[in-house]
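Report on one structure; see the data block that follows.
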Amino acid sequence: MTEFDPVPESESARRRWQTQTDTFGRVYDVVLGITSPTAYTDIAELANCSPNAAKKHLERLAEMGIARADRESRPATYERNEGYLEWQDASRIATELSVEEIIDRVKALETQRGDYEAQFETTDPADVSVVERGDHETVHERMATVSEWHGVIRDIRLYELARQLSQNDGHLIPA
């Protein structure tokens with residue numbers, strides 16, 4: 001199980017979360033916070049509900065595409081669907097920015113990607129060895145730079161998806 005704890009830190013916020021958030025909402029909060037397959041029984045514990053209630057809501061979340069289920073494992077495990085989160089981010093961008101602003105952002109991100117490609121003489125950040133040379137500080141800096149490069153690639157994908165949504169009135173393909 002991951003170290004995620006959706007329950008707020010303060011006692012008053014914890015009581016409010018438990019009393020004002022229904023079971024489905026608590027299971028939803030938990031599943032969005034986990035980063036690896038987690039047994040439904042552990043999710044139930046985090047969501048402060050029965051295992052049966054958690055499994056029922058997790059199945060619904062899996063049907064909605066918010067979670068992914070591995071029903072073959074014992075007990076069944078669930079994890080968040082990263083594609084769902086990306087779609088949510090792209091939808092938010094499409095709502096907040098104009099098509100022109102999105103296109104400008106993609107151009108800026110593509111320039112950044114080109115700078116990384118030139119710096120490391122490759123088009124794929126996975127090809128970069130961060131530990132092959134240098135001291136600890138250099139290795140740390142290279143790791144941070146490669147991580148930022150991965151972020152730029154993800155952002156290009158998100159903004160391109162947002163552009164499609166914005167240009168097609170909320171749809172991925174023209175209606």
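Compare 135, 127, 104 in a GNM of the chain, Cα atoms joined below 10 Å, and give the one with the largest fluctuation.
135
Using just the alpha carbons, could you tell me how many Å³ per residue the convex hull of the chain encloses?
186
Taking the highest mean first, how do the peptides 30-38, 45-53, 165-173 order by number of other beta carbon atoms within 10 angstrom per residue?
30-38, 45-53, 165-173
Please give the net charge around residue 56, taking every other residue with its beta carbon less than 14 angstrom from that of residue 56, where Lys and Arg add +1 and Asp and Glu add -1. Mind showing how you got there, number by number?
Details: positive: 26, 55, 60, 71; negative: 22, 59, 63.
Charge balance in the 14 Å sphere: +1.
Mind listing which GluC sites (Glu not before Pro) in region 98-175 are in a DSSP loop and have 13 or fewer other Cβ atoms within 10 Å? Could the numbers behind the result be given before it?
Values: sites: 100, 101, 110, 117, 121, 132, 137, 141, 148, 160; in loops: 121, 132.
When the GluC sites (Glu not before Pro) of region 98-175 are filtered for loop state and at most 13 Cβ neighbours within 10 Å, 121, 132 remain.
Using only the alpha-carbon atoms, how far is helix 99-120 inclined from the longest principal axis of the chain? Give it as 0 to 90 degrees, nearest 10.
Compared with the principal axis, the helix lies near 70 degrees.
Label 7 Å along Cα→Cβ of residue 29; region 80-120 residues with amide nitrogen under 19 Å?
The answer is 80-81, whose backbone nitrogens lie closer than 19 Å to the label point.
In degrees between 0 and 90, to the nearest 10, how far off the longest principal axis of the chain does helix 136-167 point, with axes built from Cα atoms?
Around 80 degrees separate the two axes.
If every alpha-carbon in region 11-80 counts as one equal scatterer, what log10 I(q)/I(0) does Debye give at q = 0.22, 0.25 1/Å?
With one equal scatterer per Cα and no solvent, log10 I(q)/I(0) is -0.84, -1.06.
Computed from the coordinates by the stated procedures, all read-outs in this text should not be read as laboratory data. Computed from a predicted model, the values in this text were never measured in an experiment. Because the Cβ atoms are built from the backbone with ideal geometry, glycine has one as well, and the counts that use them run over all protein chains shown.
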